[in-house]
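Scroll down for the structure; my scribbles are underneath it.
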Amino acid sequence: MNVRPAIARMSAYSPPLEMRNQGDYLLLDFNESTLPPSADAVAAIRAYLEGGRVQAYPAYGNILERLGGYTGRPAAELILTNGCDQAIEIVERALLEAGDEMITAVPTFAMTTQVAQTIGARVVGVPYGADLRYPLEAVLAAVGPRTRLIVVTNPNNPTGTSIDGAQLRRILTARPGLAVLVDEAYYEFSGRTFAALLDEFDNLAITRTFSKAFAIAGLRLGYAMSNAAFVRELYKVRGPYDVNMLAVKAAEALLARPEPWQAYVHDVMQVAKPRVERFFREHGVRYYPGDANFLLVQPASVPDAVDYLKAHGILVRLMRPPVEHCFRLSIGSSQDMGRFMETYGNYLSQAGA
């Protein structure tokens, strides 16, 4: 097979997902929920499986109206996708041609650049500085005549840092016709969204996921928001049956009774994360503050720390340049983070000895 040159030049995005069984490890490496989805979601999945409809193609019903109630956007401005990855993909495929330029600050979520490369677009990666603040001026300076799209991950993965409304407005008004995609995968944890700006800017699209706070990463459900005219174009790119009904039924239950997953978010952000940050400060461990359910942690030796944690049943995520001097720690429930702190405290004692 003679694949396209743009594909041949690429490497596959292959996150280390194999052999990471929940029963064997505490999974603090992929920013997933450490708790299962609510009993309501599980019951909705079971009811659908037992209802004699699995053999039929999906019929999505009023899920967009339910999602509209949650997001504050009309159903016509929403499209369901097979995970946030597909939401990013259909936006980029709708906007980019081979030879176009896409700008993003790096390091960031790998799928945003992976999709652009498959199209044959040129990715302009603007590096974060040492303080990991968003490099706004450098991003704006990188805009050229072939720039078609700027992607902003907010809060950014893996840095955890965010931009504010004034910064985004400068990006949205940088040049007429320049599209902006904001990925809000961690919105439920940060509490920050730019959805209200959709009323003001028709060059803005926002993507989100049910994988993190809602705890259904394995079911693959996400969505995109934009103006209704652009969403109609996105339906031309997404397949009519790309979203599975188990995910939809779970999402309906999670939106109908949000208290369980909201309690988890509160525990993560208001209890567990402050405790972990205090633990690091008290033990002289450098970390980088952020606005999501994870932290970049800078130990004296990344391989030693990661190997020790794995040997004691805890997985964290190794990082690539330019943050290879850190590992990324997902923040789970306060109980799970208690286990992490006990284990990491033992590691620090051993390393000090």
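Label segment 12-100 by shape, choosing from rounded, prolate and oblate, from the square roots a ≥ b ≥ c of the eigenvalues of the Cα gyration tensor; if a/c is under 1.5 it is rounded, and otherwise prolate applies when a/b is larger than b/c, oblate when it is not. Kindly include the intermediate steps, with their values, before the conclusion.
Values: a/c = 1.79, a/b = 1.06, b/c = 1.69.
Oblate.
Could you give the distance between the Cα centres of segment 203-263 and segment 122-150, to the whole Å?
Using only Cα atoms, the two centres lie 28 Å from each other.
Sorting 45, 150 on the 10 Å Cβ count, fewest up front, what's the list?
Details: 45 19, 150 27.
Listed from fewest to most nearby Cβ atoms, that is 45, 150.
Report, by chain and number, residues whose modeled amide H sits under 5 Å from the one on residue 31, excluding near sequence neighbours (fewer than 5 apart, same chain).
Residues meeting the amide H criterion: 330.
Mind sorting 131, 307 by how few other Cβ atoms lie within 10 Å of their own Cβ, fewest first? Spell out each step's value before the answer.
Details: 131 8, 307 12.
Ranking 131, 307 by Cβ neighbours within 10 Å, fewest first, gives 131, 307.
Quote the convex hull volume per residue of segment 87-231, based on C-alpha atoms, as a whole number of Å³. Display every interim value, and only then the final one.
Working: hull volume 15.6 nm³, N = 145.
Normalising the Cα hull of segment 87-231 by residue number yields 107 Å³.
Give the relative contact order (percent, whole number) for the chain; include only Cα pairs under 8 Å separated by 6+ residues.
Numbers: 610 pairs, mean separation 81.5, N = 353.
Across the chain, relative contact order equals 23 percent.
Working out 0.36 nm times the residue gap between residue 196 and residue 14, then minus their Cα-Cα distance, what length gain in nm do you get to one decimal?
On the way: separation 182, 0.36 × 182 = 65.52 nm, distance 3.49 nm.
Difference between extended and current length: 62.0 nm.
Which helices count as membrane-span-like in the chain under these terms: full DSSP H, at least 30 Å along the axis by C-alpha, Kyte-Doolittle mean of 0.0 or more? Kindly include the intermediate steps, with their values, before the conclusion.
Values: long enough: none.
Counting only whole DSSP H runs, no helix qualifies.
Taking the chain as a Gaussian network, Cα atoms linked when under 10 Å apart, which of 236, 273, 212 shows the biggest mean-square fluctuation?
Ranking 236, 273, 212 by mean-square fluctuation puts 236 first.
Within segment 29-121, report the GluC sites (Glu not before Pro) that DSSP leaves as loop and that have at most 14 other Cβ atoms within 10 Å. Could the numbers behind the result be given before it?
On the way: sites: 32, 50, 65, 77, 89, 92, 97, 101; in loops: 32, 50, 97.
Of the GluC sites (Glu not before Pro), the ones in loops of segment 29-121 whose Cβ has at most 14 other Cβ atoms within 10 Å are 50, 97.
With the radius of gyration and the Kirkwood radius both derived from the Cα set of segment 229-277, what is their ratio Rg to Rh?
1.24
Could you please state, rounded to a whole Å, how far the C-alpha centre of segment 22-79 is from the C-alpha centre of segment 307-326?
30 Å
From largest to smallest, what semi-axes in whole angstrom does the chain give when each is the square root of 5 times an eigenvalue of its alpha carbon gyration tensor?
Working: eigenvalues 203, 147, 75 Å².
Listed largest to smallest, the semi-axes of the chain are 32, 27, 19 Å.
Hey, what number do you get for the chain at 222 nm if only DSSP H runs of n ≥ 4 count, each worth -39500 (n - 2.57), divided across all residues, to the nearest 500? Write down the numbers at each step before the final one.
Numbers: 14 runs with 135 residues, N = 353.
Result for the chain, helices only: -11000 deg cm²/dmol.
Each value in this text was obtained by applying a stated rule to the coordinates, not by laboratory testing. From a predicted model like this one, the values you see are computed outputs, not experimental measurements. Virtual Cβ from ideal backbone geometry, glycine too; neighbours counted across all protein chains shown.
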